[in-house]
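J.: This is the structure I want to talk about, given as structure tokens.
The values are calculated or read from the model by the stated rules, or taken from the named source; none is laboratory data. No experiment lies behind these values; they were computed from the predicted model shown. For neighbour counting, all protein chains shown are included, and Cβ atoms are generated from backbone atoms with ideal geometry for every residue, glycine included. Surface accessibility is based on the protein's heavy atoms, side chains included, excluding ligands, DNA and RNA. Shrake-Rupley method; radii C 1.70, N 1.55, O 1.52, S 1.80 Å.
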Amino acid sequence: MRWLALSLLIATPAFAQEIAVPSGLPLTFQEVILEQETGFARFRFVSDVLGEPGWEMPDVAGDFAWLCDKIVLPALDQNGWKADQIVISMADSAFEFGEVVPDAVQYFDGFAIVDGACEWVPF
């Protein structure tokens, strides 16, 4: 299986509602995709104000590390999922992974898991 889209997390409290990230961006969970062959775990989030003034990449950049530490690592651990690399994305609308949406605003950041912690990996 190339990737496994998981909806199990949607039922957990952290994903059933808006996530209170440090920037204040109104953010909700979309999905997790585990790529077993590559070791990637992709956590996708949505906010319809992303890209608007005050919600551009510099404004929300700190949210990625917070999401990795507070949401992604605990979710991986609690569900017994394994990953070597984490990709966190935020988009202004929900769409299928891999779908080309030319006007979509999307921000990404990557992390490795080192000694049980998120370590930023520049793209």
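J.: Quick test of your reading of the structure: GLU35 fulfils all but one of (1) farther than 15 Å from ALA91 by Cα; (2) surrounded by fewer than 14 Cβ atoms within 10 Å (Cβ to Cβ); (3) without any contact (Cβ under 8 Å) to a residue 40 or more places away in the chain. Name the failing condition by number.
T.: Single failed check for GLU35: (2).
J.: Regarding region 82-100, can at least one residue be identified that is open to solvent by less than 20 Å² (accessible area, probe 1.4 Å), closer than 18 Å to CYS118 by Cα and more than 14 Å from the chain's Cα centre (by Cα)?
T.: So far as region 82-100 goes, no, none of its residues is open to solvent by less than 20 Å² (accessible area, probe 1.4 Å), closer than 18 Å to CYS118 by Cα and more than 14 Å from the chain's Cα centre (by Cα).
J.: Any idea which of ASP115, ASP63 is modelled with pLDDT of 95 or more and of a type in the set (Asp, Glu)?
T.: The conditions single out ASP63.
J.: When you scan region 113-123, do you find a residue that is surrounded by 19 or more Cβ atoms within 10 Å (Cβ to Cβ) and under 14 Å from the mean Cα position of the chain (by Cα), even just one?
T.: So far as region 113-123 goes, yes, one or more of its residues are surrounded by 19 or more Cβ atoms within 10 Å (Cβ to Cβ) and under 14 Å from the mean Cα position of the chain (by Cα).
J.: Next question, about the same structure. Taking the condition crowded, with 19+ Cβ neighbours inside 10 Å and modelled with pLDDT of 95 or more, does PHE15 pass?
T.: no
J.: Given PRO58, PRO22, PRO53, which one is closer than 17 Å to TYR107 by Cβ, touching a helix residue (DSSP H, G or I) at 6+ places or on another chain (Cβ under 8 Å) and open to solvent by 40 Å² or more (accessible area, probe 1.4 Å)?
T.: Exactly one residue qualifies, and that residue is PRO22.
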